[in-house]
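Read through the structure below, which is laid out as structure tokens, and then see the notes.
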Amino acid sequence: MPKKKPAAKAALTKKWRLYVLRCQDGTLYCGITNDLKRRISQHNLGKGARYTRGRGPVELVRSWPQKNQSAALKAEFAFKRLTRRAKDAILAA
């Protein structure tokens, strides 16, 4: 019988993702996570980022897999530096 992975080890094997949400007021929020479903739920419950509190419900626009947490942080930083027009162009592609 194969051994089950401990919860801590299983969390380490989850893939990091860069994600973009559209808030109810039409603004965009960008973040990273290794559990996208849980993170979106947190945002919608008002327990996510301060920015999304009061702007919910949010909807996922797009997400991209990343190699690791470091790559995800760099991708988030780069995306946040873009203009809204550039962000919209990337999201439309």
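Here, each number is a calculation from the coordinates, and none is a lab measurement. What you see is a predicted model, and the numbers here were worked out from it, not measured in a lab. Using ideal geometry, Cβ is built from the backbone for each residue, glycine included, and neighbour counts are taken over all protein chains shown.
Rounded to 0.05, the FRET efficiency of the residue 88 and residue 44 pair, given R0 = 25 Å and the Cβ-Cβ distance, is 0.65. For the chain, the spread of Cα positions along the three principal axes, ordered from largest to smallest, is 53, 27, 21 Å. Between the residues 79, 28, 89, the greatest Cα displacement towards the positive end of the dipole of the chain, with unit charges on the Cβ of Lys, Arg, Asp and Glu, is found for 79.
Only helical DSSP H runs with n ≥ 4 go in: add -39500 (n - 2.57) per run for the chain, normalise by residue count and round the 222 nm mean residue ellipticity to 500 deg cm²/dmol.
Values: 4 runs with 37 residues, N = 93.
Mean residue ellipticity at 222 nm (helix-derived): -11500 deg cm²/dmol.
Place a +1 charge on the Cβ of each Lys and Arg in the chain and a -1 charge on the Cβ of each Asp and Glu, then give the dipole magnitude about the Cα centre in debye, rounded to the nearest 20.
Numbers: 23 positive and 5 negative charges, 85 e Å.
With Lys and Arg at +1 and Asp and Glu at -1, about 400 debye.
Return the loop-located trypsin sites (Lys or Arg not before Pro) in region 44-93 (DSSP other than H, G, I, E, B) with at most 11 other Cβ atoms within 10 Å of their own Cβ; answer none if there are none. Write down the numbers at each step before the final one.
Working: sites: 47, 50, 53, 55, 62, 67, 74, 80, 81, 84, 85, 87; in loops: 47, 53, 55, 67.
Of the trypsin sites (Lys or Arg not before Pro), the ones in loops of region 44-93 whose Cβ has at most 11 other Cβ atoms within 10 Å are 47, 67.
Compute the relative contact order of the chain as a whole-number percentage, counting only Cα pairs closer than 8 Å that sit 6 or more residues apart in sequence. Provide the component values of the computation, followed by the final result.
On the way: 118 pairs, mean separation 28.1, N = 93.
It comes to 30 percent, rounded to a whole number.
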